[in-house]
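Here is the structure we will look at.
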Amino acid sequence: MSISRRSLLQTAPLATQLARPSVAHPAGSPMHAPGRVFRGLALREIAFPLGGLGTGTVSLGGFGNLRDWELFNRPNKGGVLPFTFGALRLSGGGLTKPAVRVLERQRFPPYPGGYGLHREQAAGLPHFPDATFEGAYPFARIAFQDPRLPVSVSLEAFNPLIPLDTANSSLPVAILSYLVTSRAAARLDATLAFSAINPIGYDGYSNLWGSLADRWNPFFGKNINEFQKDGSIQGILLRGEKYSPESPRYGSLSLATDSEDVSYRLRWDSGEWWDDFQRWWNEFHNLGRFPNTPGQLSPDKLTDYATLASHATLQPGQSKRFDFVIAWHFPNAEDYTPGIPPGSVVFPNEYGTHWKSAWTAARYTLKNLSSLRRRSLSYRDALHGSTLPPAVIDAISSQASIMRTNTVMVGAGKQVFAFEGSGDHEGSCPMNCTHVYNYEQSLAHLFPDLERSMRNLDFLMNMRPDGSMSFRTPVPPVKGGNKLHPAADGQMGCVLKVYREWQICGDDDWLRQLWPEVKRALEYAWKQWDADRDGVMEGEQHNTYDINFYGPNSMVSTLYLGALAAAARMASHLGDTETATRYSELQRAGSAKLDTLLWNGEYYVQKVDEKNPKAAKYQYGDGCLADQLLGQWFAEVVGLDHLLPPGHVRQALQSIHRHNFRHGFNDFPNTQRLFAIDDESGLLICTWPKGKRPELPLVYSDEVWTGIEYQVAAHLIYEGLLHEGLSLVEAVRARYNGDRRNPWNEIELGHHYARAMSSWSLLLAYSGFRYSAPEKLLAFHPRAGDGPFRCLFVAGSAWGVYSHTRTPQSLEATIQVLEGQLVLATLELSFRGKTERLEFKNVQEVTPNTPCSAHFGA
């Protein structure tokens, strides 16, 4: 029903008003809350990814070092580029001689290795004795500490992340801004120099360090370093002439700054032994400037080092910010699936089509740095300024980094090819695995255009004539995908994902294009998994545990029921009423039967098909599976109704928390993979609280997967079990504390495992956020107590901050769009335990210049 504001005020028991607040919250306002802070031993495992969507990354270590150079279109854990580091030189200001510090903290012992520490990391030069690291993705900040110096020094590092702006969130850059503030009583001269190897030709995974011949390798040669200047932007382009533009070894790297006074060395003086580094040190320490001499083409099998320096004079108390951009351009990606020879499957990546070289990307970044930083800070502050618990914000923020690591490749035309995770030097299980990406929610909400490209591959390329879907995408894509059997959970999840993408984008033409294939994918269940069409899957069901379930189980069947419910809504919208009715009736019948068949009074079990000899192992039977309500969780995420009785859903979640959440593993025998150990806490995938654990149980049953922990935590929160949900999130973040594991790299089958992007559903659950572009509906039903509430929202065409203050008598809510535009016909909010639905007679446009607020109550 469409109601005007006047009639609502006259007739509704609760007064509702729309208003326009006069000001928005700017970035850096009191909305901002600091990120997670690390000190001491908690610094040593930190590797904070810096890079854009589909560009690869270099990681900022907890000490301030650059590590894991993964720019070369493949993972490279532990990869170091020799003599690629920043250094600060100070003179004057009361110093009796120049002081030089590598812009890194000193290393912690032990110092293993039969040849001492690696000189290629400049470990033998003076470092800062201590540092503090603060991470609030996409920003990291390091405060370096050295009381002997007459300056304070800090680093801000980031790569732009702006919701819904895929282009500016796909820049192949790492932005390093060093702030130097004088504590001296007299004038101080400061030089900040950044050095780098010219890596063109590097294969992306070989060891480049540990010998005197760090710049010698057969893949190097014909490399040259060139000075570049464009107005106020100056820098060095490191390129090569050995490889053709189609080669995966082709590309360039750039160092750039917007400082006015620069000097540079395009080629370190070489010599015997370690003469090159010694001469560099002598020049930097003694003179503080470089000679600006031209570079030259390196001989075959050799490359060179270059240094770019920025110079400034600081008066007492004065600060200087040194902005450096490391940019890269390696436009030819390759499929790095294990078993595929390097370079055998090469294709253009998306970011490479936008830049001619690394210099053009660096120049764009510096010219637009103020805007890119401000917009990225707005996202950071909107998320980290939320009133959600700190561990929840940390989980949402940190795991959004996964989409911008080598786990996710973006080919030309914005085609997403995503591994499940990343090995040290290869991918981990290719590509766009439908059942693993059932859990992922971060990419879908932050960059829905990329997520839709995955649906296009699922339904327009990977569907086969019989209605089954290839659950992995070949590279390059081919009709019908690969020849692997279909995955029941993945195929049903893809139907739900189409519904999610349509709700986010509201593009009916896109939905119509996919709809015939969506129907075929769903109805394939009637051939293979639900042959009797009773709404419960009984057949052989391949799933995310890399095995097949035999017999009814709620994990896969709730995904099936969710797919039926979602498909019924899509069919109804498209005018396919007969199909909508058929799907709705089957969903209701299946829901009733599933509950009757599998509810044991405490949780949902599996009825193993004991007549099938294949069911003799790897089933869970009477076990309590953490994923038993996976489809119901997905239904909550996309705004569908309960698929099973609400009371049973809540009780089952309580049982999962009670039986599967362990506080300590000291006395727990686990012969499987170890992701939680000793005194740590975590959620087991399956337990058997009533006994009857099979001799060969469900594979992975004794493991702990963060993606499932976040999924269950969010579902607990959806059901109002806030304490239980938060306890799971806090357990994960305690395991990833910087000392034990890297907080920005949650592992499962490899690094940066995609399933952990289920953490975005924590934001959806706490806020009760729902957005439907087709309905022009925006809803918030926070589950966070009675105090003031504030959170980030991302709604397809806009993003911003929702906030409210509430008393027993009234609710004041504000929707502040920070970027984009919302077109609303309906607004839903919770007040006094009820849903208040405001339907506008005329659609409302909410923009950064026209925010809106709503008032309920007296």
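Odds and ends about this structure:
- Applying the Karplus relation 6.51 cos²θ - 1.76 cosθ + 1.60 with θ = phi - 60° to the range 280-291 yields 3J(HN,Hα) values of 4, 4, 4, 5, 5, 5, 7, 9, x, 9, 10, x Hz, where x marks Gly and Pro.
- Computed over neighbours whose Cβ is under 14 Å from that of Leu238, the net charge equals +4, Lys and Arg +1, Asp and Glu -1.
- Value of Rg/Rh across the range 268-311 [Cα atoms, Kirkwood radius]: 0.98
- Qualifying trypsin sites (Lys or Arg not before Pro) for the range 573-665 [loop in DSSP, other Cβ within 10 Å: at most 13]: Lys611, Lys617
- Cα Rg, Dmax (largest Cα-Cα span) when computed across the range 100-228, Å: 18.3, 52
- Helix 706-718 axis, angle to the chain major axis (alpha carbon atoms, nearest 10°): 50
- 4 °C / 1.567 mPa s Stokes-Einstein diffusion coefficient of the chain, Kirkwood radius on C-alpha pairs, µm²/s: 45
- Note on the range 754-835: Cα Rg divided by 2.2 N^0.38 Å, N the number of residues, gives 1.11.
- Entries of Lys479/Lys607; Lys77/Lys483; Lys320/Lys356; Lys222/Lys356; Lys97/Lys320; Lys527/Lys611 with Cα pairs more than 25 Å apart: Lys479/Lys607; Lys77/Lys483; Lys320/Lys356
- Centre-to-centre, using Cα atoms only, the range 94-114 and the range 826-854 are separated by 57 Å.
- The 3J(HN,Hα) values that the Karplus relation (6.51, -1.76, 1.60; θ = phi - 60°) gives for the range 834-841 are, in residue order, 10, 8, 9, 10, 9, 10, 8, 5 Hz. Gly and Pro appear as x.
- Thr353-Glu585 FRET efficiency (beta carbon distance; Förster radius 51 Å; 0.05 resolution): 0.60
- Here the contact order of the chain, divided by its residue count and restricted to Cα pairs under 8 Å and six or more residues apart, works out to 13 percent.
- Restricting the GluC sites (Glu not before Pro) of the range 647-749 to loop positions (DSSP other than H, G, I, E, B) with no more than 16 neighbouring Cβ atoms within 10 Å leaves Glu695.
- Sorted peptide list for 403-411, 280-288, 127-135, 380-388, criterion being average Cβ within 10 angstrom, highest first: 403-411, 380-388, 127-135, 280-288
- Shape summary: the range 541-681 maps onto an equivalent ellipsoid whose semi-axes, from the alpha-carbon gyration tensor, are 31, 18, 14 Å in decreasing order.
- Candidate aspartates and glutamates - alpha carbon under 17 Å from Lys414, same-chain residues fewer than 8 apart omitted: Asp165, Glu334, Asp335, Glu350, Asp449, Glu451, Asp458, Glu501
- If you look at the Cα atoms of the range 709-763, you get an Rg and a Dmax of 11.5, 34 Å.
- Under the criterion of Cα pairs below 8 Å and six or more residues apart, the relative contact order for the range 157-230 equals 20 percent.
- Accessible area of the chain divided out per residue, in Å², using a probe of 1.4 angstrom: 35
- Within the shell defined by Cβ-Cβ distances under 10 Å, the residues around Tyr178 carry a net charge of 0, with Lys and Arg each +1 and Asp and Glu each -1.
- Global geometry of the range 129-188, whether rounded, prolate or oblate, following the gyration tensor of its Cα atoms and the 1.5 cut on a/c: prolate
- Equivalent-ellipsoid semi-axes for the range 422-543 (Cα gyration tensor, √(5λ), whole Å, largest first): 22, 19, 14.
- Sequence-separation-based contact order of the range 95-212, relative, with Cα cut under 8 Å and 6+ spacing, percent: 18
- Tail fraction, Cα-Cα pairs, the range 391-492, threshold 24 Å, whole percent: 21
- Under-5 Å amide H pairs with Phe549, H placed in peptide plane, nonlocal only: Gln541, His542, Asn543
- With a simple spin-label model that places each label point 7 Å from the Cα along the Cα-to-Cβ direction, the separation between Lys483 and Lys834 comes to 6.3 nm.
- Note on Glu610 and Phe668: with the Förster distance fixed at 25 Å, the Cβ-Cβ geometry gives a FRET efficiency of about 0.30.
- For the range 501-572, the Rg and Dmax computed from alpha carbons only, in angstrom: 13.6, 38
- Once the C-beta distance of Ser270 and Asp678 is scaled by a Förster radius of 56 Å, the resulting FRET efficiency is 0.65 to the nearest 0.05.
- The stretch between Asn842 and Val346 holds 173.4 nm of extra length on full extension. This uses 0.36 nm per residue minus the Cα-Cα distance.
The values are calculated or read from the model by the stated rules, or taken from the named source; none is laboratory data. For clarity, every value in this text was computed on a predicted model and none was experimentally measured. Ideal geometry is used to build each Cβ from the backbone, glycine not excepted, and the neighbour counts take in all protein chains shown. What goes into the accessible areas is simple: the full protein's heavy atoms, side chains included, and nothing from ligands, DNA or RNA. Shrake-Rupley method; radii C 1.70, N 1.55, O 1.52, S 1.80 Å.
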